[in-house]
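Values in this text are rule-based calculations from the coordinates and carry no lab data. Computed from a predicted model, the values in this text were never measured in an experiment. Note: ideal-geometry Cβ built from the backbone for every residue, glycine included; neighbour counts use all protein chains shown.
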Amino acid sequence: MTGDERRYRRLLLAYPGRYRRDHGTEIVTTLMEMGEPGGGWDLIAGGVRQRFRLPGRPLVVVAAVLVMLATAVLGAVAGSWAGERTFAPLPSRAAALGLLTAAVSDPGGDDSVPVLRIGDSLLLDGVPVARHPASDPDRIATTVRDGIAASGWTITSFTVAPAYPHPESAQPGTFFSGAYLDAARDGVLVHGRVDYRYDAGRFYLGGFTATAFAARTAAYLPLTVGGGVLGLLAGWLLVAAMAYRLRSSSVGRRRAVAALTGATLVVAAPPVVAVVLRAIQLAIHVDDRRFPVFTLHSALRVSTYVDGPPTWLVPACAVAALLLGALTMLPARQEKLQTAP
Amino acid sequence: MQEPTFLILAAIAAQPRHGYGIVQAVGELSSGEVKLRAGTLYGALDRLAEQGLIEMDHEEAVEGRLRRYYKLTDDGTRVLAAEADRLQRRADAARGQLRLAIAGGAA
């Protein structure tokens, strides 16, 4: 093999394997006969174009669009999962209790569970054991805030609620909202509320309740969107490769692939819809620091909604769609034989 | 239809040709203006084969290398003739307008 021929063979790698087997030799022959010493670079463009080429038949185009949607969702979910790897871990139970102690001095009254893990957040419920009186509700709220700030948290938002006009006329022991407080530290956000109680003419600290969750890192959105774009391209390449492979196949084989593709898309519909809805939530609440991040991949977990579709529907369909998709792409025996030398 | 595609169909209308033969013929038919590259050529051949306008005629091994010859199908001949007519009509219409312009200018 001459040097030129070797170079052309390398450039041909831009073309899909099947196409190379069908046309590789004749293309190299043509290039050798054309005799361009430095030429052949258009092969790279030609190869990439060939990988993306779709037959113009309407059914294939529709299939391509739907498959690309499903693979884009798959890619975005993978990117979202990778993005969540960069989130800060939730505070340990000890760290959470430390925050509550800084806020209310002696959390754990009323048999409450001070720290509870639910999904992606911690629920913090600090009810003081002792009664801490104060001259007015504002003082209660600022004391809590200062305690939290002193223990290393950055207070990002602090709003004192309007005073309840006639606390004395409320049922004894009622909790009134005193203030809303947001804090942040090391990539963890806390969204909480200070309550006060009114009893026998005095105001007491009622408690501090909050949720703690990881903040969205800078890497999350690029990874998610990037994953989606890569998934989109991968879906396009997949459909183009299958369409080329099926060119020389029987009508029966083509119908079987069409049916399998259709079945895969139908089964993929619930997870795709779930992820798209989650993406809309993410977009709406993208800068909202009151909730944990609406990560796309969390839409594929077993649902926590009691009403509505079965909780296992989305994850089961996601797995089934992946299996059916893999099955669709398996080459038939005839296609395998065609590529034998 | 793009010009290189039209010229490729014309190149194999009279006789089957292989890759390099098509490149040469297209160059002659276009008086040297259109120089086909291998990537463009085989992209077009692939598309035309898919559309059923061309097909493989025969293969031959020359000096140990594979040459594959392509020819027009009946559909291909029809489409080429229709496109040639269409281009002729366009050219005639343009010439008609030019004649009017010259006549108007001279008056």
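Just to check your reading of the model, which residue among A:D22, A:D4 is without any contact (Cβ under 8 Å) to a residue 12 or more places away in the chain and within 14 Å of another protein chain (Cβ to nearest Cβ)?
A:D22
Hey, among the residues in the stretch A:173-207 that are of a type in the set (A, V, I, L, M, F, W, C) and under 18 Å from A:R117 (Cβ atoms), which one's surrounded by the most Cβ atoms within 10 Å (Cβ to Cβ)?
Of everything passing the filter in the stretch A:173-207, A:V190 is surrounded by the most Cβ atoms within 10 Å (Cβ to Cβ).
Looking only at the stretch B:41-55, which residues are in contact with a helix residue (DSSP H, G or I) (Cβ under 8 Å, 6 or more places away or on another chain) and hydrophobic (A, V, I, L, M, F, W, C)?
The answer is B:L41, B:A44, B:L45, B:L48, B:L53, B:I54.
Kindly evaluate A:L265 against the criterion of being assigned to a helix (DSSP H, G or I), within 29 Å of A:F87 (Cβ to Cβ) and aliphatic (A, V, I, L, M).
Against the criterion (assigned to a helix (DSSP H, G or I), within 29 Å of A:F87 (Cβ to Cβ) and aliphatic (A, V, I, L, M)), A:L265 does not qualify.
Let's see how each residue does on (1) of a type in the set (V, I, T); (2) at positive phi; (3) crowded, with 20+ Cβ neighbours inside 10 Å:
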position: B:Q2; (1), (2), (3): no, no, no
position: B:A11; (1), (2), (3): no, no, yes
position: B:G27; (1), (2), (3): no, no, no
position: B:S30; (1), (2), (3): no, no, no
position: B:G39; (1), (2), (3): no, no, yes
position: B:L45; (1), (2), (3): no, no, yes
position: B:G52; (1), (2), (3): no, yes, no
position: B:M56; (1), (2), (3): no, no, no
position: B:E60; (1), (2), (3): no, no, no
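Of a type in the set (S, T, Y) and without any contact (Cβ under 8 Å) to a residue 24 or more places away in the chain: is that true of B:Y42 in this structure?
Answer is yes for this residue.
Do the conditions hold for B:Q97, that is, is it more than 28 Å from A:F52 (Cα to Cα), within 14 Å of chain A (Cβ to nearest Cβ), out of contact with any Leu (no Cβ under 6 Å at 6 or more places or on another chain) and part of a helix (DSSP H, G or I)?
no
So, of the residues in the stretch B:10-35 that are under 11 Å from the mean Cα position of the chain (by Cα) and closer than 23 Å to A:L11 by Cα, which turns out to be nearest to the other protein chains (Cβ to nearest Cβ)?
So the residue we want is B:V23.
Among the residues of the stretch A:35-86, write down those that are more than 14 Å from every other protein chain (Cβ to nearest Cβ), without any contact (Cβ under 8 Å) to a residue 60 or more places away in the chain and charged (D, E, K, R).
Within the stretch A:35-86, just A:R85 meets the criteria.
Do you know which of the residues in the stretch B:56-84 that are of a type in the set (V, I, T) and over 16 Å from B:D46 (Cβ atoms) is farthest from the other protein chains (Cβ to nearest Cβ)?
In this case the residue turns out to be B:T77.
Pick from B:L7, B:L45: which is of a type outside the set (G, A, S), within 14 Å of chain A (Cβ to nearest Cβ) and either under 11 Å from the mean Cα position of the chain (by Cα) or under 24 Å from A:Y15 (Cα atoms) (or both)?
B:L45 is the lone residue from the list that is of a type outside the set (G, A, S), within 14 Å of chain A (Cβ to nearest Cβ) and either under 11 Å from the mean Cα position of the chain (by Cα) or under 24 Å from A:Y15 (Cα atoms) (or both).
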